[in-house]
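Reviewing the structure listed below.
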Amino acid sequence: MMSKREIPLASADEIDAQGAEWFIARNEPSEWTDATQAEFDAWLAQSPKHQLAYWRAEAGWERAGLLSAVRPPARGDARARRVLRPWSVRIVSVAALAAIAVVASYYWIAGRAITYATPVGGHRVITLADGSRIELNTDTVVRLLASQRSVELAKGEVFFRVKHDAAYPFIVKAGGQRLVDLGTEFFVRNEESRVRVGLVEGRVRLENSIGQTLLAPGDIASAAKDGVSIKHNAARELADDLAWRSGHLVFHRASLADAVAEFNRYNARKLVIADNAVGKLTFSSVFSTNAIDAFARTAQKSLGLSVMHRGEDIVISR
């Protein structure tokens, strides 16, 4: 099997291709060994970007329904397998991009602000004229002012992949916070009482009335009126926070109340917790963002809870 160790300073496209190849390899049980698993685990651990690339490949393949179309030939036909693999990687990469994003062109028109929005459960990617990409999560509103390379996040969550320009820094404003791009991939989530910022790559300067904070890759900042707190080297949490880009929600010992609140961001149908004691129970799992019925069944079976349908909503209780 071809080595899939990360190429130093690999580009985003190269990392996406690696993620696609790993996904194909995992669907070839005859070639998947303990040594391969160890190499795969090491690749995932190298960077949150690797985990995201694998999520994208998996989501794209499943949503496009291409597994049977590009499944490798029988084990004995080695030549056919060698020929097919590069095309399989290309198909998975294209499917991932097509399945998770609706790409729109945005032309920098001096002095003009343009508003983009997604509905509940929506997902959209805007590609700017300079090559920067802005990926909107569910129920999100942004206003772009072209002449100043400036974005205002009115509500919701956005992932930014910014083309750096030292002469014209990219600015993001959200909830009284100001973020200055210094060559960066990062997400910003504007919540009611705080703004969360997670840095995947590069640097971001967080500015507010209190002062300035420089973030490093792997940092997650929570900024409110009374100050800024930072989790350093939070690579796993960062990857979990960005699983929405492939249509997933990841929970590690999350409270039921937090998990329900997260699901309700993505769905018109709502989950309701009957009492505070139930909301404090914790669990770990991975779901699609729209899988509220599967989530309710998991709560019922793993936590011994009662599930009742009330109109379109689902009530979880003891």
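The values are calculated or read from the model by the stated rules, or taken from the named source; none is laboratory data. Because the structure is a prediction, the values reported are computed rather than measured. Backbone-built Cβ (ideal geometry, glycine too); neighbour counts: all protein chains shown.
Structure summary
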{"read-out": "Failed criterion for Ala224 (all others in (1) in the same structural domain as Ala174 (by TED's automatic domain parsing); (2) surrounded by 13 or more Cβ atoms within 10 Å (Cβ to Cβ); (3) aliphatic (A, V, I, L, M); (4) within 25 Å of Tyr54 (Cα to Cα) hold)", "value": "(4)"}
{"read-out": "Those residues of the range 227-250 which are touching a Gly at 6+ places or on another chain (Cβ under 9 Å), crowded, with 17+ Cβ neighbours inside 10 Å and acidic (Asp, Glu), in sequence order", "value": "Asp241"}
{"read-out": "Residue list for the range 112-133, filter: in a loop (DSSP other than H, G, I, E, B) and either in contact (Cβ under 8 Å) with a residue 40 or more places away in the chain or within 19 Å of Val162 (Cα to Cα) (or both)", "value": "Val120, Gly121, His123, Ala129, Asp130, Gly131, Ser132"}
{"read-out": "Residues (under 26 Å from Thr213 (Cβ atoms) and of a type in the set (D, E, K, R)) located in the range 229-261", "value": "Lys231, Arg236, Glu237, Asp240, Asp241, Arg245, Asp258"}
{"read-out": "Strands (runs of 3 or more DSSP E) completely within the range 150-251 that count 3 or more residues being of a type in the set (Gly, Ala, Ser)", "value": "150-161, 220-224"}
{"read-out": "Out of Arg189, Arg133, sole residue that is within 19 Å of the chain's Cα centre (by Cα), within 29 Å of Asn233 (Cβ to Cβ) and surrounded by fewer than 21 Cβ atoms within 10 Å (Cβ to Cβ)", "value": "Arg133"}
{"read-out": "Tally, over the range 139-158, of residues that are hydroxyl-bearing (Ser, Thr, Tyr), under 17 Å from Val197 (Cα atoms) and surrounded by fewer than 19 Cβ atoms within 10 Å (Cβ to Cβ)", "value": "1"}
{"read-out": "Test: residue in the range 251-258 that is more than 26 Å from Phe187 (Cα to Cα) and surrounded by 14 or more Cβ atoms within 10 Å (Cβ to Cβ)", "value": "no"}
